[in-house]
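See below for the structure under consideration.
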Amino acid sequence: MRAAEKAPRFPHLRQDFAASLVVFLVALPLCVGVAVASGVPAELGLVTGIVGGVVAGLMRGSSLQVSGPAAGLTVLVLEAVQDFGLAVLGVIVLAAGLLQLAMGLLKLGRWFRAVSVSVVEGMLAGIGLVLIAGQLYAAAGLAAPAAGLDKILQLPGALAGSLTSPTALTSLALGAGTVVVMAGWTHLPRRARAVPGALAAVLLATAVSLVFSLPVATVEVHGLLGSIQPPDAGAFGQVASLSLLGTVLAFTLIASAESLFSAAAVDRMHDGPRTRYDQELVAQGAGNTVCGLLGALPMTAVIVRSSANVQAGARTRASRVLHGVWLLLFAALLPGALALIPLPALAGILVHAGWKLIPLRSFAPLWREHRGEAVILAVTALAIVTVNMFEGVLIGLALAVAKTAWTASHVRLEVMDKGAGPVQAYLSGNATFLRLPRILDTLESLPQDRPVALDLSGLHHLDHACRTALENWAARHSASGTDQVRLTAAAETDARTGPSPD
């Protein structure tokens, strides 16, 4: 009897190889665009993409999720570079990566699933608004204001002024054309869409710029090795700064939440192994630790590249590792090609990415069905635009906690007066100090000359503040010469049955 043939070591290599090429073509313009929008050399975006593919890609966690520089962190990175300088960016990313590693090893990854979806969507919407506003300046070849609110408020005047400048108008038209190509690419026949829309838009914009010799700015090339700047001792000396620590926490919170929410979305796209959240957080932390040591951009899981990976037929982690290898080969062998890419085209790609971060379609149904969640989403987005990223997210989280506490304290007080005998009052739900004023207002409005039977048997929870206040109200009501208030607790009877006949 012949021995059974050994199974191939890489049974899905063919599918993973093809998928890796698709992901590489999607990732290339996005890595460069995110880097330029973040105020760092374009090559650093490729470095983060390489680390996301090779380092995070080799680790367990989410099998098909792809990591790299994300548009969702662009605003935060730009603020960090402006406030602390490029040399300190590596320290911030390194510290955030170590925090992610610690949280993953402590098995805290699953707790990020407890973060309100409205806060996350509000965070992404706020980022999208600031990103769009900032990149519209870049598309016109103009310098954008530093503050998010100023970007939006000064935008109409800046765009109106660019219409009188032929150079600015040309640059803006090229950026607008990039957005149009990307928006319309999904409507083309399937065969044409084999080329990713972002890559096609950049190639077309580059070709138009070269053929017509358009006076638009292009990407500055520094070389891969020349762009890598590991943090030095001086950069580490700023770690004690309170504002820098706040930025580290913001990087950690936002990158982790975005990665793990992306993992949940990717899991819904395929039937393969499910994400192990703690291990995925370790993978993200390891990747960001390496990115920090190289002075590169922070990495996070990115839904666009991940969905492209799944749709291209990837089966294992090999596809995302190979996409990192292709990015490395491009950065090493063809760095000069980056210098041909017009900056307005990259701005157009990020305007399109920012628009997709804003949940326009889901907001109206959310407002109709869960108005409180819609308010949290809108307030979080507005806070990020008007204040800053970190404080905006904290405001959203605080609002979500307050809403949860308010909802959990829902209580119902019903009064029945049959005209004879005691007035019947029934409390049900959760009686907490948050609803105490309303409860007392109703009880104090009851007739002072009538006995009252207060039934608490329908309460699931009665906190100390409410218990004390109800006892004090009962004592005051009885002090007027009326019969003593009859209190029925949950342990004495079932709800709505009144006091025991015994």
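In region 370-392, the residues that are touching a residue at least 40 places away in the same chain (Cβ under 8 Å) and closer than 11 Å to Ala125 by Cβ reach residues that are acidic (Asp, Glu) and open to solvent by 10 Å² or more (accessible area, probe 1.4 Å) with C-beta atoms within less than 6 angstrom, at least six apart or across chains, in these pairs: Leu377/Glu121. Residues in region 82-112 that are assigned to a loop (DSSP other than H, G, I, E, B) and either under 24 Å from Ala144 (Cβ atoms) or of a type in the set (Phe, Trp, Tyr) (or both): Gly85 only. Out of curiosity, is Ala425 modelled with pLDDT of 85 or more, hydrophobic (A, V, I, L, M, F, W, C), buried (at least 16 other Cβ atoms within 10 Å of the Cβ) and assigned to a helix (DSSP H, G or I)? It is false that Ala425 is modelled with pLDDT of 85 or more, hydrophobic (A, V, I, L, M, F, W, C), buried (at least 16 other Cβ atoms within 10 Å of the Cβ) and assigned to a helix (DSSP H, G or I).
Regarding region 229-242, can at least one residue be identified that is within 18 Å of the chain's Cα centre (by Cα), in a helix (DSSP H, G or I) and at negative phi? Among the residues of region 229-242, not one is within 18 Å of the chain's Cα centre (by Cα), in a helix (DSSP H, G or I) and at negative phi, which makes the answer no.
With Gly57, Gly72 as the choices, which residue is assigned to a helix (DSSP H, G or I) and modelled with pLDDT of 90 or more? The conditions single out Gly57. The set of residues in region 168-198 being open to solvent by 70 Å² or more (accessible area, probe 1.4 Å) and not aliphatic (A, V, I, L, M) consists of Thr186, His187, Pro189, Arg190, Arg191, Arg193.
Taking the criterion of being over 28 Å from the mean Cα position of the chain (by Cα) and part of a loop (DSSP other than H, G, I, E, B), the residues of region 188-205 that qualify are Leu188, Pro189, Arg190, Arg191.
Conditions (1) in a helix (DSSP H, G or I); (2) open to solvent by less than 50 Å² (accessible area, probe 1.4 Å); (3) among the β-branched types (Val, Ile, Thr); (4) touching a strand residue (DSSP E or B) at 6+ places or on another chain (Cβ under 8 Å), marked per residue:
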site: Gln284; (1), (2), (3), (4): yes, yes, no, yes
site: Thr289; (1), (2), (3), (4): yes, yes, yes, no
site: Ser306; (1), (2), (3), (4): yes, yes, no, no
site: Ser319; (1), (2), (3), (4): yes, yes, no, no
site: Ala339; (1), (2), (3), (4): yes, yes, no, yes
site: Ala345; (1), (2), (3), (4): yes, yes, no, no
site: Ala353; (1), (2), (3), (4): yes, yes, no, no
site: Trp367; (1), (2), (3), (4): yes, no, no, no
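Taken together, the residues in region 222-244 that are in contact (Cβ under 8 Å) with a residue 24 or more places away in the chain and open to solvent by 60 Å² or more (accessible area, probe 1.4 Å) amount to 7.
The values are calculated or read from the model by the stated rules, or taken from the named source; none is laboratory data. These numbers were taken from a predicted model, which means no experiment stands behind them. Virtual Cβ from ideal backbone geometry, glycine too; neighbours counted across all protein chains shown. Accessible surface is based on the protein model in full, side chains and every heavy atom, while ligands, DNA and RNA are left aside. Shrake-Rupley method; radii C 1.70, N 1.55, O 1.52, S 1.80 Å.
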